[in-house]
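First up is the structure itself, then whatever we jot down about it.
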Amino acid sequence: MTTAMLFIVLFFCMFLGMPIAVALGLSSIATILMFSHDSLASIALKLFESLSEHYTLLAIPFFILSSAFLSTGGVAKRLINFAVDCVGHVRGGLAMASVMACMLFAAVSGSSPATVAAIGTIVIAGMVRSGYPESFAAGVIANAGTLGILIPPSIVMLVYAAATEVSAARMFMAGFVPGLLMGLILMAAIYIAARIKKLPAQPWPGVKSLISSGIIASGGLMLIVIVLGSIYGGIASPTEAAAVSALYAFLISAFGYRDMGPLKKVPWRKEGERPGAAAVRNIVQMFWAFPKTVVDPEIRKTVMDAAKVSIMLLFIIANAMLFAHVLTTERIPHAIAEAIVSWGLAPWMFLVVVNLLLLAAGNFMEPSAILLIMAPILFPIAMRLGIDPIHLGIIMVVNMEIGMLTPPVGLNLFVTAGITGNTIGWVIKAALPWLMLLLIFLIMITYIPQISLFLPEFIDQLKGYS
């Protein structure tokens with residue numbers, strides 16, 4: 001009766017068009033008040049504890065703030081220039097460079113929509129000017145942007161780690177190889193399509209230009225080393241690394257690249273200025289400008305935008321955690337686990353069911369909410385069947401990638417539609433051929449566990465030897 005009440009109220013609220021966070025919260029509160037002895041005060045306490053007890057979740061606002069600075073601060077533009085110099089001379093190279101840029105930006109942002117917005121705003125128009133069909137460009141970016149939640153650091157992986165209490169660092173390690181593999185699959189498909197469609201190639205810029213763009217982009221690329229190096233090296237936790245990434249992203253955007261803040265467009269060296277005089281002038285300018293960054297309109301707007309996204313996401317997480325608490329209290333996951341195990345399903349059959357459930361849920365719900373609802377249910381069953389929790393986590397993240405591209409709630413579709421000015425239907429048609437690659441990739445991830453588990457197990461062996 002309790003289970004029926006919980007899900008009936010949830011689906012009724014969603015049917016009325018309520019935001020998913022409100023639907024989760026209302027269904028949980030209604031179930032607790034009707035079938036439990038808990039008071040409203042205890043519900044409020046549980047909402048607070050759902051966020052405060054999970055230290056890993058503190059990383060989410062920092063990664064969102066870091067992503068906001070990187071998107072606004074011109075880092076994406078420099079990563080794109082570097083990627084174009086690397087592979088742009090190959091036929092279809094501009095599209096391949098776009099995928100490479102998405103991979104690099106994913107490794108510093110942790111967000112799929114942010115990756116599409118930051119990279120797509122620049123490269124879609126550039127590909128069209130170079131002779132690529134607009135639908136081809138939009139489809140590539142919409143799909144490559146999903147790497148934002150697979151290549152670490154990933155906000156969605158942090159949510160899974162909080163929901164199941166697995167190691168966030170191991171989840172990050174597990175996402176690295178699949179993320180690279182997915183990027184390479186997309187680039188190989190682009191090369192084949194480019195040969196068939198006779199798409200143009202950019203001229204080879206030369207080694208000097210490649211080194212120059214690499215040095216310029218290194219300011220953003222260093223964030224990958226700082227975040228992942230500190231986590232994998234055991235120097236910092238994911239939350240501490242996220243805090244450092246937010247600070248570094250602010251400094252590189254405001255004082256390194258100078259694309260925002262009081263020093264915006266102030267050159268590092270003026271024409272005819274001696275290097276020593278330029279160094280002294282820059283040091284003085286940075287000390288002078290630092291206090292002004294607090295009140296700079298552009299920086300304040302960036303922080304406010306990041307705060308709004310963080311509050312929205314954490315509100316969803318808090319309500320989803322309350323929903324998961326009701327599930328756990330009523331032992332619903334355990335009952336489902338025992339029922340499925342009693343059916344005698346083989347692990348591979350269970351994973352088919354998992355993928356079908358998650359693909360269906362991805363059509364209607366936001367990834368964080370799906371993970372927080374589904375993970376407590378699927379996790380115990382996977383453990384009973386001997387499925388590695390890290391492997392399960394990567395499977396769920398790849399499903400969330402596909403959910404970013406399926407209507408009516410596919411966020412990447414809306415972002416791409418906003419960039420191109422076309423309808424959602426047009427974007428769906430553009431993304432569909434590339435979506436087939438993601439489905440093939442999902443099958444590979446599901447049934448070849450070592451793609452996900454190779455790096456975590458290898459690093460564990462290295463630590464064991466040391």
Segment 210-222 residues that are modelled with pLDDT under 90, paired with ones that are not in a helix (DSSP H, G or I) (beta carbon under 7 Å, 6 or more apart): GLY219/TYR257
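Does ALA114 satisfy being touching a Phe, Trp or Tyr at 6+ places or on another chain (Cβ under 9 Å), part of a helix (DSSP H, G or I) and modelled with pLDDT under 90?
Details: touching a Phe, Trp or Tyr at 6+ places or on another chain (Cβ under 9 Å): yes; part of a helix (DSSP H, G or I): yes; modelled with pLDDT under 90: yes.
For ALA114, the condition - touching a Phe, Trp or Tyr at 6+ places or on another chain (Cβ under 9 Å), part of a helix (DSSP H, G or I) and modelled with pLDDT under 90 - is met.
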All helices (runs of 4 or more DSSP H) inside segment 361-466 with 2 or more residues being of a type in the set (Asp, Glu) and within 30 Å of GLY234 (Cα to Cα): 450-465
Some residue of segment 336-344 being assigned to a helix (DSSP H, G or I), in contact (Cβ under 8 Å) with a residue 40 or more places away in the chain and either under 29 Å from PHE255 (Cβ atoms) or within 21 Å of the chain's Cα centre (by Cα) (or both): no
Residue list for segment 142-154, restricted to those being farther than 18 Å from LEU392 by Cα and in contact with a Cys (Cβ under 7 Å, 6 or more places away or on another chain): ALA144, GLY145
Count - residues of segment 195-214 that are part of a helix (DSSP H, G or I) and surrounded by 11 or more Cβ atoms within 10 Å (Cβ to Cβ): 8
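If you scan segment 254-279, which residues turn out to be touching a residue at least 24 places away in the same chain (Cβ under 8 Å) and part of a loop (DSSP other than H, G, I, E, B)?
Step one: of segment 254-279, the residues touching a residue at least 24 places away in the same chain (Cβ under 8 Å) are 254-257, 259-264.
Of everything in segment 254-279, those that are touching a residue at least 24 places away in the same chain (Cβ under 8 Å) and part of a loop (DSSP other than H, G, I, E, B) turn out to be TYR257, ASP259, MET260, GLY261, PRO262, LEU263, LYS264.
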Whichever residue in segment 291-307 is of a type in the set (A, V, I, L, M, F, W, C) and in contact (Cβ under 8 Å) with a residue 24 or more places away in the chain and, among such residues, is farthest from LEU70 (Cα to Cα): ALA307
Failed item in (1) loosely packed, with under 15 Cβ neighbours inside 10 Å; (2) more than 30 Å from ALA138 (Cβ to Cβ); (3) of a type outside the set (S, T, N, Q), with PHE454 passing the rest: (1)
Filter result (outside any helix (DSSP H, G or I) and among the β-branched types (Val, Ile, Thr)) within segment 215-253: ILE235
Which numbered condition SER342 misses (of (1) polar (S, T, N, Q); (2) crowded, with 21+ Cβ neighbours inside 10 Å; (3) at pLDDT below 85): (2)
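Given the options ILE155, ILE190, name the one that is among the aliphatic types (A, V, I, L, M), closer than 24 Å to LEU455 by Cβ and surrounded by 16 or more Cβ atoms within 10 Å (Cβ to Cβ). Please lay out each step first, then the result.
On the way: ILE190 fails: closer than 24 Å to LEU455 by Cβ.
One residue alone meets the criteria, ILE155.
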Candidates ILE60, ILE122, ILE64, ILE141, filtered to the one that is assigned to a helix (DSSP H, G or I) and farther than 23 Å from GLU366 by Cβ: ILE122
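The values are calculated or read from the model by the stated rules, or taken from the named source; none is laboratory data. All values derive from a computational prediction rather than experimental measurement. Please note: Cβ atoms are built from the backbone with ideal geometry, for glycine as well, and neighbour counts cover all protein chains shown.
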